Amino acid sequence: MVSLINEAFKKARNANRPALLTYTVAGDNTKKKSLDILKSISAHADICELGFPHNTPIADGGQIQTSAYRAIKNGIKINDVFAIAKAFKLSKKTTPIILMGYYNMIYQYNENKFLKKCKNSKIDGLIVVDLPYPENKSFSKKCKKKSINFVQLVSPTTSDIRLKRIIRDSHDMIYYISMLSTTGGKLKVSSKKILENYFKIKNQKKSKNVVIGFGITEKTIKSLKKADGLVVGSAICKEISRSIKKRQNAVTNVTNVVKRLKNKIK
Amino acid sequence: MKLKKGIPLIDQHDQFGFWGGKFGGSFIPETLKKPVEDLTEEFKKLRKDKKFIKKRDHYFKNYIGSPTSFVKLENLSSYLGGAQIWAKVVSEANGGAHKIYNATVHALLCKAMGKKYIVGDTGAGYAGKMLSMAAKKFGLKCKIFMGAKDIKRQKPNCDAMKKNGAEIVPVYSGSQTLVDAVSECMRYWVSNCDNTHMCVGSTVGPNIFVKICGWSTAQISRELKAQLKSEFKKIPKKIKLINCVGGGSSAYGFWSEFIDFNKKQIELIGVEAGGPKKSKLHAAPLSRNAKIGVLHGAASYVCQDNEGQINETESISAGLDYPGVSPIHCFLKDTKRARYTYATDEEALNAHVMITKFENLNPSLEPSHAFAEAIKIAPKLSKDTIIIVNSCGDAKKDKDILRERLGKN
């Protein structure tokens with residue numbers, strides 16, 4: 001079976017640019033609005049990450065926390081997240097969607113039931129922030145069986161031996177965390193250093209798609225365009241917060257941000 | 001699921017860090033894998049290092065003031081009738097609570113690892129106060145994360161932290177209590193783990209933090225064992241060890257030497273925070289049958305909804321106001337070695353009033369939960385039953401709450 005995630009990277013590579021990955025929180029700030037945002041930004045994004053919000057997010061910075069709390073306050077449930085993803089995939093059949101969140105939500109839903117639901121909703125991949133390697137081995141195998149990409153995370157603190165093992169057991173995509181930070185921190189490492197670490201991963205196995213995330217904004221995205229893909233999350237969540245505060249149309253504003261991000265890496 | 005004899009409970013986990021195959025583990029972001037592994041290695045090495053043990057014992061004795069006393073509460077016992085009630089007055093420890101043991105060990109570990117900065121979470125403010133003391137003692141820069149609600153209700157401890165030169169970082173997210181403080185502290189560590197050591201204030205969090213904390217507070221039961229032998233010539237036949245349980249660090253420390261005993265001889269009773277009598281909220285995941293969930297890097301019984309969102313908790317006692325609990329207490333519950341119950345805010349307050357009326361003892365609201373259970377069961381028990389309560393904190397920090405609720409100074 002063709003992996004839409006692989007296809008998306010191939011398409012970007014053919015256009016001689018990195019893939020653009022966006023992150024938004026499902027249900028931020030309403031179910032309908034988050035679906036509208038997703039549909040609208042996917043005109044410019046290659047892969048859409050959709051967060052299922054948790055109220056104790058230990059790896060997220062302020063912007064994504066705000067989005068997550070807002071979505072939960074507005075009553076988002078895990079089945080709504082699936083419904084949003086499903087509706088999105090009905091209209092955008094070839095845009096991959098990756099669900100991202102914390103393990104307790106999957107654990108409470110039941111791993112197998114969760115994956116079945118992912119399959120039904122045509123989810124292409126999963127990122128589970130607090131299920132590191134090797135603890136994630138059995139779950140990632142279950143994902144593979146269902147042709148769902150389990151995305152392994154790698155950080156600047158990952159040791160060489162771990163890195164080797166993680167790459168060996170990874171699926172189509174690996175997520176490199178740019179620096180020691182929660183999501184949305186200010187980029188405190190030079191782009192040069194980030195890319196140096198990036199190529200250390202990439203050169204181990206060229207067939208894997210390696211993306212960089214954490215701290216990427218309109219200001220910094222261009223300097224990292226040598227990567228296979230770049231993830232922008234907090235900058236988008238921040239724009240949603242700003243639009244709500246100013247009573248402006250979040251869909252239009254966020255789409256403009258994503259459009260500008262895309263133009264910077266073309 | 002079975003307890004092993006002759007092995008400390010903190011070491012009875014599998015290779016992934018799970019007790020009983022399902023409690024604990026290390027559910028952490030990738031970035032923290034390396035610092036957690038480094039800490040695990042360092043601790044493994046140091047706990048076998050004679051020089052390090054000597055240093056620890058030196059500070060336990062000369063800095064913390066071990067051993068803390070073990071006293072009979074004569075007046076309370078004769079008033080209630082039934083069992084004899086004793087207290088292990090751990091609140092005599094430097095700083096006024098058991099949190100000093102864990103804080104001192106973490107400061108020593110931080111030094112040994114060559115890190116200059118130490119951060120920690122706090123609820124009642126004791127973990128923060130003690131960490132700030134230890135940091136000052138060992139020349140470390142210290143940041144304490146504390147919920148904004150707790151900063152308001154535990155002012156005396158906040159003043160102490162500031163006096164010791166620590167920076168208090170107020171946490172405004174969620175319920176603005178301990179759960180949010182721990183989350184924020186972990187986030188800070190994710191961003192600064194290259195030069196900063198994190199101290200988790202209780203036997204919670206990723207596996208290694210449960211172990212370090214338990215290893216530190218175990219001093220309490222080592223002392224008690226010796227004190228029992230000198231007081232009674234041998235370990236008495238009927239003992240009940242009653243301890244409050246929030247995260248569970250003082251309870252583990254109080255019990256660790258006695259877990260191998262038959263439960264008919266030494267019963268272990270943990271008392272959680274039942275919250276206000278009329279409220280649906282509580283902080284009692286063990287005794288009110290919460291489901292297993294993952295919180296702050298470990299699997300344990302957690303107050304949560306069906307979806308896995310963590311519930312808000314409510315308790316008069318900031319130190320017990322936490323939706324999760326130590327994986328080792330979950331293990332003790334499921335193996336039926338310990339029994340867990342809860343006391344309401346009102347019961348804890350009444351217990352505090354009764355203890356201070358009869359005895360020269362001033363237990364904080366946390367151990368007042370344990371005293372509430374002792375007061376409840378003592379009259380029904382035989383005279384040769386020895387109830388021992390861990391009076392693990394001093395009520396000085398609670399003066400504002402006590403004044404408001406009891407109208408006293």
Requested in this report: Let me have the 222 nm mean residue ellipticity of chain B computed from DSSP H runs of 4+ only, each contributing -39500 (n - 2.57), with the sum over all residues rounded to the nearest 500.
Outcome: -12000 deg cm²/dmol
Requested in this report: Working from Cα positions, state the angle (0 to 90°, nearest 10) between the long axis of helix B:30-46 and the longest principal axis of chain B.
Outcome: 60 degrees
Query raised in the report: Just from its helices, what would the mean residue ellipticity at 222 nm be for chain A, if runs of 4 or more DSSP H residues each count -39500 (n - 2.57) and the sum is divided by every residue, rounded to the nearest 500 deg cm²/dmol?
Result: -14000 deg cm²/dmol
Query raised in the report: So for the pair B:Lys233, A:Asp169, with labels modelled 7 Å out along Cα→Cβ, what separation do we get in nm?
Result: 5.8 nm
Query raised in the report: Between B:Phe18 and residues 5 or more places away or on another chain, which pairs have amide H atoms under 5 Å apart, with H built 1.01 Å from N, and which residues are they?
Result: B:Gly25
Report summary line: Loop-resident trypsin sites (Lys or Arg not before Pro) in segment A:84-130 with no more than 14 other Cβ atoms inside 10 Å, DSSP not H/G/I/E/B, are A:Lys93
Requested in this report: Work out the charge dipole of chain B with +1 on the Cβ of Lys and Arg and -1 on the Cβ of Asp and Glu about the Cα centre, then indicate which of B:Gly95, B:Ser191, B:Ile53 is farthest towards its positive end.
Outcome: B:Ile53
Query raised in the report: Pairs B:Lys88/B:Lys136; A:Lys145/B:Lys291; A:Lys137/B:Lys34; A:Lys144/A:Lys222: which are spaced more than 23 Å apart, C-alpha to C-alpha?
Result: B:Lys88/B:Lys136; A:Lys145/B:Lys291; A:Lys144/A:Lys222
**Report entry** Order by protection proxy (mean Cβ within 10 Å, highest first), peptides B:4-11, A:71-78
**Finding:** A:71-78, B:4-11
Report task. Give the shape of chain A as rounded, prolate or oblate, defined through the alpha-carbon gyration tensor: a ≥ b ≥ c are the square roots of its eigenvalues, a/c under 1.5 means rounded, and otherwise the shape is prolate if a/b is larger than b/c and oblate if not. Result -> rounded
Query raised in the report: Averaged over peptide A:114-125, how many Cβ atoms belonging to another chain are found within 10 Å of each residue's Cβ?
Result: 0
Report task. Among DSSP beta bridges lying fully in the protein assembly as shown, give the percent that are antiparallel, nearest 5. Result -> 20 percent
Report task. Provide the solvent-accessible area of A:Arg165, counting protein heavy atoms only and rolling a 1.4 Å probe, rounded to the nearest 10 Å². Result -> 110 Å²
Query raised in the report: Using a Förster distance of 56 Å, how high is the FRET efficiency between B:Arg403 and A:Lys226, based on the Cβ-Cβ distance and rounded to 0.05?
Result: 0.30
Query raised in the report: Among bridges DSSP assigns within chain B, what percent are antiparallel (round to 5)?
Result: 30 percent
Query raised in the report: Of the cross-linked pairs B:Lys72/B:Lys152; B:Lys149/B:Lys263; B:Lys129/B:Lys211, which ones have a Cα-Cα span greater than 30 Å in the structure shown?
Result: B:Lys72/B:Lys152; B:Lys149/B:Lys263
**Report entry** Ranked packing of B:52-64, B:241-253, most packed first, by mean Cβ within 10 Å
**Finding:** B:241-253, B:52-64
Report summary line: Pseudo-spin-label distance A:Lys200 to B:Met113, built 7 Å along Cα→Cβ, given in nm, is 2.0 nm
Query - Amide proton proximity set for B:Phe145, modelled H, under 5 Å, gap of 5+ - result: B:Gly120, B:Asp121, B:Thr122, B:Val169
Query raised in the report: Among the aspartates and glutamates, which have Cα under 14 Å from the Cα of B:Lys336 when same-chain residues fewer than 8 positions away are ignored?
Result: B:Asp260, B:Glu267
Report task. At a 1.4 Å probe radius, which order do A:Asp60, A:Asp172 fall into by accessible area, largest first? Result -> A:Asp172, A:Asp60
Report summary line: Rounded to a whole number, the mean other protein chain Cβ count within 10 angstrom for residues of A:170-181 is 2
Query - Paramagnetic reach from B:Ser279 (point 7 Å along Cα→Cβ, amide N under 14 Å) across segment B:301-341 - result: B:311-323
Query raised in the report: Once you average over the residues of A:99-108, how many Cβ atoms of partner chains fall within 10 Å of each Cβ?
Result: 5
Report summary line: Extend 7 Å from the Cα of A:Ala15 along its Cα-to-C-beta direction; within segment A:34-52, residues with backbone N under 18 Å of that point are A:38-49
Report task. Find the centroid of the Cα atoms in segment A:201-266 and in segment B:172-238, then give the distance between the two in whole Å. Result -> 41 Å
Query raised in the report: Taking the Cβ-Cβ separation of B:Lys383 and B:Val353 as r and a Förster radius of 41 Å, what is the calculated FRET efficiency to the nearest 0.05?
Result: 0.95
**Report entry** Set of aspartates and glutamates with alpha-carbon distance to B:Lys116 below 14 Å, sequence-local pairs under 8 removed
**Finding:** B:Asp194
Query raised in the report: When all protein chains stay in place, what accessible area (Å², nearest 10, 1.4 Å probe) is found for A:Asp46?
Result: 10 Å²
**Report entry** Principal-axis tilt of helix B:126-137 within chain B, Cα atoms, nearest 10 degrees
**Finding:** 60 degrees
Query raised in the report: Expressed as a whole percentage, what fraction of the accessible surface of the protein assembly as shown belongs to carbon and sulfur atoms when a 1.4 Å probe is rolled over the protein heavy atoms?
Result: 50 percent
Requested in this report: Taking a probe of 1.4 Å and counting only protein heavy atoms, give the total accessible area buried between chains A and B in Å², rounded to the nearest 100.
Outcome: 2900 Å²
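The values are calculated or read from the model by the stated rules, or taken from the named source; none is laboratory data. This one's a predicted model, so the numbers in the text were calculated from it and none came from an experiment. Because the Cβ atoms are built from the backbone with ideal geometry, glycine has one as well, and the counts that use them run over all protein chains shown. These accessible areas exclude ligands, DNA and RNA; they are computed on the full protein's heavy atoms, side chains included. Shrake-Rupley method; radii C 1.70, N 1.55, O 1.52, S 1.80 Å.
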